[in-house]
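Some notes on the structure that comes next.
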Amino acid sequence: MILERLVLVNFGIYADSNTIELRPPSEDRPIILIGGLNGGGKTTLLDAIQLGFFGRNATCSNRGRLPYKDYLRSSINRSADPAEGARIEVHFERVVEGKRIRFALVRAWRIANGSVQESVSVSRDELPD
């Protein structure tokens with residue numbers, strides 16, 4: 001599996017929409033490095049990938065014993081409208097039966113009527129799967 005792109009919308013410290021390209025620019029430059037100061041969001045990126053793939057089974061760094069829905073509520077960016085919520089998109093490529101397939105996994109949640117509402121969708125080569 002090759003991670004291609006991560007899109008974070010109002011997740012943790014990432015306000016608004018942020019796209020991180022994860023596919024190396026060329027085969028002779030095959031490494032992507034992510035650096036930053038303490039509190040700059042490096043661990044949040046890793047948490048987002050894990051949360052995107054595993055949902056309630058993710059072991060995110062700052063979740064501790066927090067129930068899953070409470071963790072989702074707390075991970076909406078402070079400046080965002082809770083009714084708008086947050087979204088994580090993980091775009092990746094995987095070889096299935098000898099064929100390269102592009103997947104997009106989208107996990108979104110928002111606060112409605114005081115409770116957390118979550119949705120998950122997967123597309124395969126840009127078609128719903």
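Answer with yes or no whether ASN62 is among the polar types (S, T, N, Q), open to solvent by 80 Å² or more (accessible area, probe 1.4 Å), part of a loop (DSSP other than H, G, I, E, B) and touching a residue at least 12 places away in the same chain (Cβ under 8 Å). Criteria met by ASN62. Contact annotation: residue pairs with Cβ atoms under 6 Å, 6 or more positions apart or on different chains, pairing a residue in the range 26-45 that is closer than 18 Å to GLU89 by Cα and hydroxyl-bearing (Ser, Thr, Tyr) with a partner that is open to solvent by less than 90 Å² (accessible area, probe 1.4 Å) and in a loop (DSSP other than H, G, I, E, B), are THR43/SER61; THR44/GLY12. Is it the case that some residue within the range 73-90 is touching a strand residue (DSSP E or B) at 6+ places or on another chain (Cβ under 7 Å) and assigned to a helix (DSSP H, G or I)? There is at least one residue in the range 73-90 that is touching a strand residue (DSSP E or B) at 6+ places or on another chain (Cβ under 7 Å) and assigned to a helix (DSSP H, G or I).
Scanning the range 8-21 for residues that are over 16 Å from LEU51 (Cβ atoms) and either of a type outside the set (Ser, Thr, Tyr) or in contact with a Pro (Cβ under 8 Å, 6 or more places away or on another chain) (or both) turns up ALA15, ASP16, GLU21.
Which residue out of PRO30, PRO24 is open to solvent by less than 80 Å² (accessible area, probe 1.4 Å) and of a type outside the set (Val, Ile, Thr)?
Working: PRO30 fails: open to solvent by less than 80 Å² (accessible area, probe 1.4 Å).
Matching residue, one of PRO30, PRO24: PRO24.
Of the residues making up the range 71-105, those that are without any contact (Cβ under 8 Å) to a residue 60 or more places away in the chain, open to solvent by 30 Å² or more (accessible area, probe 1.4 Å) and over 20 Å from GLY41 (Cα atoms) are ASP81, PRO82, ALA83, VAL95, VAL96, GLU97, GLY98, LYS99, ARG100.
Regarding the range 112-122, can at least one residue be identified that is small (Gly, Ala, Ser), in a strand (DSSP E or B) and surrounded by 18 or more Cβ atoms within 10 Å (Cβ to Cβ)? No, there is no match, as no residue in the range 112-122 is small (Gly, Ala, Ser), in a strand (DSSP E or B) and surrounded by 18 or more Cβ atoms within 10 Å (Cβ to Cβ).
The values are calculated or read from the model by the stated rules, or taken from the named source; none is laboratory data. For clarity, every value in this text was computed on a predicted model and none was experimentally measured. Note: ideal-geometry Cβ built from the backbone for every residue, glycine included; neighbour counts use all protein chains shown. Ligands, DNA and RNA are stripped out before the accessible areas are found, and what is left, the full protein with its side chains, is counted by its heavy atoms. Shrake-Rupley method; radii C 1.70, N 1.55, O 1.52, S 1.80 Å.
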